[in-house]
Amino acid sequence: MEKLGLSVILSLMMLMIPLIAYSKEEIPDQVTSIEKENTYTQMSEEDATIEPSDEVKELLEDAKIDIDNPVLIKLLNESTIKPSPFAFGYRANVYLGHWPLSYQSESSEVNWDFQMVNVNEINNVNGEKKEDLFYYQIEEKHVKGALTAKAEQSDQINQMILQQARAQHDLPLTFHAVVGKETKSSKTYSVPESKIGKLKAYLPAVKDTGQMTLGEVYLELKGSNKKIVIKNVTKQEIGAYIPVANHLTFTFETK
């Protein structure tokens, strides 16, 4: 029996190995990290995950619907409504508002050339020898993420989508990526004589799409007990473009 149990565990571990390998991000050769070279200090957005208190965790379990909105969980953690143990027969419904409750990602992929942020060029048409071209950021560029559809409480939805996208990609995701002016790279690209060389730089972004669950949240007080009640639940297909900070995709061409 022990041998059988061990073989089952080993089999499960073997099945998990390809899943672990798959989660490792495959970065194309033309993509370069500029974390050290970037003249703009990119502030990383902290993970907005908030753990529910023991009491709130119990309420969420009783609600029978997933709630992972960190803002709502924080509100419930800080709630001071506590029914009196002597409030026999007391009933009340406290309306907490209409909230995005949870987000379930259905697809998440990287667009490595999401937005062009810079072009460097050398005209060597009349040149007598090859010239070297390298990346030099001419202007400071800001690339902001956005939802794929209009939605109320977009800041909360951004946090929820970002949280799930980060779980799927080993990349510095942010809704506001900046490439500083005069950022440069030492790598050179050769432009032959009688040619024009162009080096374009693109900032990547993740497109994450899925389903958002929304609903009206009530805190129901009944005697000495309280529970969370969700009414008028709706689902909305939504997604977001989330830039990748401190990474650039380079394309070089001559003509």
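A short reminder: the numbers here are calculations on the coordinates, not readings from a lab. Worth saying up front: this structure is predicted, and the values here are computed from it rather than measured. Note that we place each Cβ from the backbone using ideal geometry, even for glycine, and neighbour counts take in every protein chain shown.
Tabulated data for the structure shown
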| item | result |
| --- | --- |
| Estimated FRET transfer efficiency (Glu128, His176; beta-carbon r; R0 51 Å; 0.05) | 0.65 |
| Shape parameters for the range 37-76, alpha-carbon atoms, Rg then Dmax in Å | 15.8, 51 |
| Cross-link pairs Lys64/Lys235; Lys130/Lys200; Lys141/Lys195; Lys130/Lys184; Lys36/Lys141 - those with Cα-Cα distance over 23 Å | Lys141/Lys195 |
| Aspartates and glutamates whose Cα lies under 12 Å from that of Lys57, excluding same-chain neighbours fewer than 8 positions away | Asp66, Asp68 |
| Förster-model FRET efficiency, 22 Å R0, His142 and Thr251, C-beta, rounded to 0.05 | 0.55 |
| Asn111 versus Arg91: modelled label distance in nm, points set 7 Å from Cα along the beta carbon direction | 5.2 |
